[in-house]
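Here the structure is laid out as structure tokens; the discussion comes afterwards.
The values are calculated or read from the model by the stated rules, or taken from the named source; none is laboratory data. None of the values given here were measured: they were computed from a predicted structure. Ideal geometry is used to build each Cβ from the backbone, glycine not excepted, and the neighbour counts take in all protein chains shown. SASA here: full protein model, heavy atoms, side chains in, ligands and nucleic acids out. Shrake-Rupley method; radii C 1.70, N 1.55, O 1.52, S 1.80 Å.
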Amino acid sequence: MHPEFPHQDIIHLNHAAVGPWPLRTAEAVTAFARENAISGSRHYAQWLKVEAATRGLAQALIGADDAADIAFVKNTSEALSIVAFGLPWLAGRNIVIPRGEFPSNRVVWLMAAERFGLEVREVELPFDAPEDALLAACDHRTTLLSCSAVQFASGLRMDLQRLGTSLRGRGILFCVDAIQHLGALPFDARAVQADFVMADAHKWLLAPEGIALFYVRPELRDRLILQEFGWHMLADSGDYSSEALIVAEDARRFEPGSPNLLGIHALHASLSLLLEVGPEPIAAAIDDRWQHLHDGLRSLGCEILTPPARHAGILTFRPTRGETEAVFRRLQDAGVLCAQRGGGIRFSPHFYLPLDALDEALALVAEGAGSK
């Protein structure tokens with residue numbers, strides 16, 4: 001196994017759900033906890049340097065202009081809620097989303113629609129031209145289109161740059177749930193022309209739950225009406241005696257209270273690994289592993305539910321012999337971590353997995369499906 005992932009008794013094919021931590025991340029958390037136990041907050045100033053450095057790593061990963069464009073929030077849902085309940089909506093306008101989105105990118109818009117008198121248009125995504133379907137659903141009353149960069153169940157990868165270019169030209173805001181993209185594929189918020197990007201850290205970013213990245217295009221930060229308030233969001237957050245209520249101009253305005261420094265130390269370690277390896281080499285390695293699994297599953301007669309020409313890291317399949325539930329249980333019981341999604345079994349391999357581990361998973365699928 002990869003030295004950062006010395007897994008025992010498991011084959012981790014579930015990065016689209018909850019990814020494992022690299023060793024360096026576990027060590028960073030352990031060191032931070034030990035330092036707290038021994039020295040308390042004596043080195044708090046150093047912790048803040050780690051926070052600043054982590055923003056820089058996140059900036060590089062997302063493709064933002066400045067590290068100050070990145071906010072740390074609790075999760076993807078919180079970031080989506082900041083947008084959904086912060087925009088100054090006009091009643092009678094509409095929001096376009098794909099049908100079958102993960103609930104995070106559906107619930108917030110339905111709730112906002114109920115509160116502000118909006119329409120939510122849910123669009124079926126054909127595999128051959130999903131962008132056409134989404135753009136066709138937009139009209140002169142569309143304020144925002146929100147979609148996952150990669151669909152969680154099918155693994156369908158969207159052409160974000162095409163969507164962003166068209167939407168920007170039509171004056172429609174573009175919100176990207178990048179949780180199934182960041183860490184698996186290169187991302188460039190500027191090229192995509194995304195207005196809002198969010199991603200929790202616990203999937204392909206290989207970091208803990210409870211911390212997420214949130215990018216807002218700088219020109220739009222003032223447009224979001226803030227719903228949460230506290231000391232940390234103020235321009236001069238270090239002056240506790242000041243009575244001024246001047247909100248920070250940068251993305252820190254979306255961070256009302258004390259930062260999650262434990263999560264930030266972990267995220268710093270995980271992002272450092274991803275950027276050391278490099279987004280392009282990671283994407284190439286994931287593609288190799290995806291193709292290896294795809295070819296192996298096809299040879300077993302499995303039905304591939306993920307469009308090959310539109311895939312990222314997710315591969316969803318259905319065995320044509322044997323019950324899907326039974327094959328899934330056999331994999332899980334043998335330590336092959338995966339998920340049931342989209343009417344099939346979802347594999348999601350990361351860059352570090354050796355091919356012989358994938359072959360072990362394929363052998364278990366063969367046994368569960370009744371073939372040799």
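Brief remarks follow.
- Legend: calculated FRET efficiency, Asn36 to Asp65, from the Cβ-Cβ distance at R0 = 35 Å, rounded to 0.05, equals 0.55.
- Only protein heavy atoms count here; under a 1.4 Å probe, Asp132 has an accessible surface of about 70 Å².
- R0 of 22 Å, Cβ-Cβ distance Asp132-Leu110: FRET efficiency to nearest 0.05: 0.35
- Cα centroid separation - segment 210-251 against segment 64-100, whole Å: 15
- Accessible area, probe 1.4 Å, largest first, for residues Arg42, Arg252: Arg42, Arg252
- For Ile70, the amide hydrogen comes within under 5 Å of the amide hydrogens of Ala251, counting only partners 5 or more places away or on other chains and with H modelled in the peptide plane.
- Summed over qualifying helices (DSSP H, 4 residues or more, each -39500 (n - 2.57)) and divided by its residue number, the chain shows a 222 nm mean residue ellipticity of -12000 deg cm²/dmol.
- Among Gly343, Leu23, Ser104 the positive-end extreme of the charge dipole of the chain (Cβ point charges): Gly343
- With all protein chains modelled, accessible area of His181 [1.4 Å, Å²]: 20
- Accessible surface of the chain, 1.4 Å probe, proportion on carbon and sulfur as whole %: 52
- Think of a 1.4 Å ball rolled over the protein heavy atoms: segment 1-136 then has 47 Å² of accessible area per residue.
- Taking label points 7 Å from Cα along the Cα-to-Cβ direction, Asp295 and Ser258 give a separation of 5.4 nm.
- Taken along the Cα-to-beta-carbon direction at a fixed 7 Å, the label points for Val120 and Ile225 span 2.0 nm.
- For Ile11, the amide hydrogen comes within under 5 Å of the amide hydrogens of Val336, Leu337, counting only partners 5 or more places away or on other chains and with H modelled in the peptide plane.
- Segment 276-292 - phi-based ³J(HN,Hα) in whole Hz, Karplus 6.51/-1.76/1.60, Gly and Pro as x: 5, 5, x, x, 5, x, 5, 4, 5, 5, 5, 4, 4, 5, 4, 5, 4
- For segment 116-129, Karplus couplings with θ = phi - 60° (6.51, -1.76, 1.60), whole Hz, Gly/Pro x: 9, x, 10, 10, 10, 9, 9, 10, 5, 9, x, 5, 7, 8
- Distant-in-sequence amide H partners of Arg93 (H built 1.01 Å from N, under 5 Å): Glu119
- In order along segment 303-313, the Karplus-derived 3J(HN,Hα) couplings, from 6.51 cos²θ - 1.76 cosθ + 1.60 at θ = phi - 60°, round to 8, 8, 9, 8, x, x, 6, 10, 8, 10, x Hz, and Gly and Pro are given as x.
- Dipole-positive endmost among Asn14, Tyr215, Ala53 within the chain (Cβ charges, Cα centre): Asn14
- Cα gyration tensor category, rounded, prolate or oblate, for segment 66-176 with a/c compared to 1.5: rounded
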